[in-house]
Amino acid sequence: MAVERIFKDEASEEKGERARLASFVGAIAIADLVKTTLGPKGMDKILQSTGRGHAVTVTNDGATILKSLHIDNAAAKVLVDISKVQDDEVGDGTTSVVVLAGELLREAEKLVASKIHPMTIISGYRMAAECARDALLRKVVDNKADSEKFKSDLMKIAMTTLSSKILSQDKEHFAQLAVDAVMRLKGSTNLEAIQIIKKPGGSLIDSFLDEGFILDKKIGLGQPKRIENANILVANTAMDTDKVKIYGARVRVDSMAKVAEIEGAEKDKMREKVQKIIGHGINCFVNRQLIYNFPEELFADAGILAIEHADFDGIERLALVTGGEIASTFDNPESVKLGHCKLIEEIMIGEDKLIHFSGVELGQACTIVLRGASHHVLDEAERSLHDALCVLSQTVNDSRVLLGGGWPEMIMAKEVDELARKTPGKKSHAIEAFSRALSAIPTIIADNAGLDSAELIAKLRAEHQKEGCTSGIDVISGTVGDMAERGISEAFKVKQAVLLSATEAAEMILRVDEIITCAPRKREDRM
């Protein structure tokens, strides 16, 4: 008896070997795509959208590249997801996590081909990941107690993070900016208080850190250009109702005098609103929406600085930084929380005038002004700096530090290899494969720098047989170098997240033995 089909006509399913092959191929292809961006000599990718304006992004940030791709393969989407999570969680290591997961699957593919059950491979991987994490824990350095050493650790981590990005030429300058900004946060991981403003012009080295808050707006005509001990009311309210503009409303009048009366009534309403706002005892009013000429004039007469159209991101951050709240009704002045700062003045950056708030309530706040040749350069610089800020703010909380440059991977690979020799049964093959996948990361770093990776990795492995070895790949001189001397450090939290996320993603893809694709929804003809 023929079995009836369960699925709709256009739905498809793939089973067993074919499903596994499709998963492996998709995931490995994604890993190969971002592989060339790994390490200090990694190259950038240009992403061009097909939408209006054909926006172009130039980047080597793994998460940004993968976020922009439209992918059909289900397993590849799992890798894109872990890269996003890595970006949100610790900020850096977005490429490494995808590459490691891809390498684990590449090794698993060989094992499955030699008739080892995926579940055996998974339990081997689990043991290996646990062993690798313990190996790292034994090697971490924690200088939280000694503030000088800790600060130099943070500088090294920032410089290592930035060395694979566009900012690598001026990495000392930007590492100093990032460390100063994060140190001001005093241990909070809320990066909202650090504002980044991008201004084309000048070169990257002209970027600077400014304490306080800078709002990208101009001060209106006839208003005070400088205010000391400011009381700031941050609002989101309509200040453009002094003209009749109720859409769809019709007013029939029998003379022009009546029109003037209506307009007069509107003006009085506006005047009353402005009086209520002035009644809060403020000398600076920041509004999210438009402020028309009439209310602006009233504010200027009262000697109040009125700023209109402060974009939402700016206004929320301004409220947070000055310790105020965003208000939209003004009937009870006592319930409105005003913001305070010591000085408001107009400053020039390049060709543009901006408003600078200094001596703000939230002492942690600061603004980093990025200068650069073009918008593309500035966008990439912002992404790179954001990565560094994320990593540093995480490191301030979890101050354990490791060396970089492929050193942690070799430490883990060595320990995992020893575990494989002690483990009986088929699992040992999986554990050994895990060790090979780990040593693929230094291999790729060397390959991207155009070095002879086979030679270097063999040397590095031999070095690591010695006790207390600190060798890694020094891509600048093209040899095996001492990472402690070179000052190449990474945060333990980043490495741990890479290891665990990659192992879990590889496990998830390994468990698949069937892929079912739904039939697309038909569009109904509405004729």
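For semi-axes √(5λ) of the Cα gyration tensor in Å, several values are listed as [x] 59, 38, 19; [y] 44, 24, 21; [z] 54, 33, 19; flag the one computed from this structure.
[z]
Enumerate the aspartates and glutamates that Lys459 could reach by cross-link, defined here as Cα to Cα under 14 Å, with residues fewer than 8 away along the same chain left out.
Asp474, Asp482
Between the DSSP loop rule and a limit of at most 15 other Cβ atoms within 10 Å, which trypsin sites (Lys or Arg not before Pro) in the stretch 480-527 are left?
Passing sites in the stretch 480-527 are Arg511, Arg521, Lys522, Arg523, Arg526.
Does the stretch 213-362 come out rounded, prolate or oblate by the C-alpha gyration tensor, with a ≥ b ≥ c the root eigenvalues, rounded set by a/c under 1.5 and, if not, prolate when a/b is larger than b/c and oblate if not?
Prolate, because a/c is 1.5 or more and a/b exceeds b/c.
Would you please name the trypsin sites (Lys or Arg not before Pro) within the stretch 1-53 that are DSSP coil residues with at most 14 other C-beta atoms within 10 Å of their C-beta?
In loop regions of the stretch 1-53 (DSSP not H, G, I, E or B), the sparsely surrounded trypsin sites (Lys or Arg not before Pro) are Arg5, Lys8.
Just to be sure I follow the definition: excluding the sites themselves, where is the longest run in the chain that has none of the chymotrypsin sites (Phe, Trp or Tyr not before Pro) in a DSSP loop with at most 13 other Cβ atoms within 10 Å?
The segment 248-527 is the longest one with no such site.
Which angle from 0 to 90°, rounded to the nearest 10, does the C-alpha axis of helix 171-184 make with the longest principal axis of the chain?
Taking Cα atoms only, the helix is inclined about 60 degrees.
Share of antiparallel DSSP beta bridges in the stretch 213-362, in percent to the nearest 5?
In the stretch 213-362, approximately 65 percent of DSSP beta bridges are antiparallel ones.
³J(HN,Hα) across the stretch 259-271 via Karplus (A = 6.51, B = -1.76, C = 1.60, θ = phi - 60°), whole Hz, x for Gly/Pro?
Calculated HN-Hα couplings, in order: 4, 4, 4, 4, 5, x, 5, 4, 5, 4, 4, 5, 4 Hz.
Between their Cα atoms, which of Lys149/Lys353; Lys225/Lys258; Lys15/Lys41; Lys217/Lys258; Lys84/Lys198 are more than 32 Å away from each other?
Violating the 32 Å limit, Cα to Cα: Lys149/Lys353; Lys225/Lys258; Lys15/Lys41; Lys217/Lys258.
May I ask you to give the percent of accessible area on the stretch 1-123 that is carbon plus sulfur, with a probe radius of 1.4 Å?
That fraction is 56 percent.
What does the highest-first list of 336-344, 96-104, 256-264 look like by mean Cβ count within 10 Å?
Result, highest mean Cβ count within 10 Å first: 96-104, 336-344, 256-264.
May I ask you to derive the FRET efficiency for Lys522 and Asp88 from their Cβ-Cβ distance with R0 = 51 Å, giving the value to the nearest 0.05?
The computed FRET efficiency comes out at 0.85.
What is the spin-label model distance, in nm, from Asp482 to His280 if the labels are put 7 Å beyond Cα along the C-beta direction?
About 6.1 nm, to one decimal.
Scan the stretch 116-193 for trypsin sites (Lys or Arg not before Pro) in coil per DSSP, keeping those whose Cβ has at most 12 other Cβ atoms within 10 Å, and list them by number.
Here the trypsin sites (Lys or Arg not before Pro) that fit, given the DSSP loop and packing criteria, are Lys186.
Okay, helix-only estimate at 222 nm for the chain: each DSSP H run of n ≥ 4 adds -39500 (n - 2.57), divide by all residues, round to 500 deg cm²/dmol; what do you get?
Per the formula, -16000 deg cm²/dmol.
For the pair Arg138 and Lys186, what calculated FRET efficiency results from E = 1/(1 + (r/R0)^6), where r is the Cβ-Cβ distance and R0 = 25 Å, to the nearest 0.05?
So the FRET efficiency works out to roughly 0.25.
Distance in nm between label sites at Gln465 and Glu148, each 7 Å beyond Cα in the beta-carbon direction?
Going by the 7 Å Cα→Cβ label model, 4.0 nm.
Compute the accessible area per residue over the chain, keeping the other protein chains in place, probe 1.4 Å, unit Å².
That works out to 50 Å² per residue.
If the reach is capped at under 25 angstrom between alpha carbons, list the lysines near Lys151, excluding any in the same chain fewer than eight residues apart.
Cα-Cα hits under 25 Å: Lys139, Lys165, Lys171, Lys186, Lys493, Lys495.
Which percent of the accessible heavy-atom area of the stretch 414-527 goes to carbon and sulfur, probe 1.4 angstrom?
Of all accessible area on the stretch 414-527, carbon and sulfur atoms account for 49 percent.
First compute the accessible area of the stretch 162-299 with a 1.4 Å probe, then give the percent of it belonging to carbon and sulfur atoms.
About 50 percent, which is the carbon plus sulfur part of the accessible surface.
Taking 56 Å as R0, compute the FRET efficiency from the Cβ-Cβ separation of Leu21 and Lys258 and round it to 0.05.
Approximately 0.10, to the nearest 0.05.
Measure off 7 Å from each Cα along the Cα-to-Cβ vector at Asp206 and Arg511, then give the distance between these two points in nanometres to one decimal.
In this crude label model, Asp206 to Arg511 measures out at 5.5 nm.
Could you tell me how far the Cα centroid of the stretch 474-510 sits from the Cα centroid of the stretch 305-356, in Å?
What the calculation gives is 43 Å, centre to centre.
The values are calculated or read from the model by the stated rules, or taken from the named source; none is laboratory data. Keep in mind the model is a prediction, meaning the values are calculated, not measured. Please note: Cβ atoms are built from the backbone with ideal geometry, for glycine as well, and neighbour counts cover all protein chains shown. Surface areas here come from the heavy atoms of the whole protein model, side chains and all, with no ligands, DNA or RNA. Shrake-Rupley method; radii C 1.70, N 1.55, O 1.52, S 1.80 Å.
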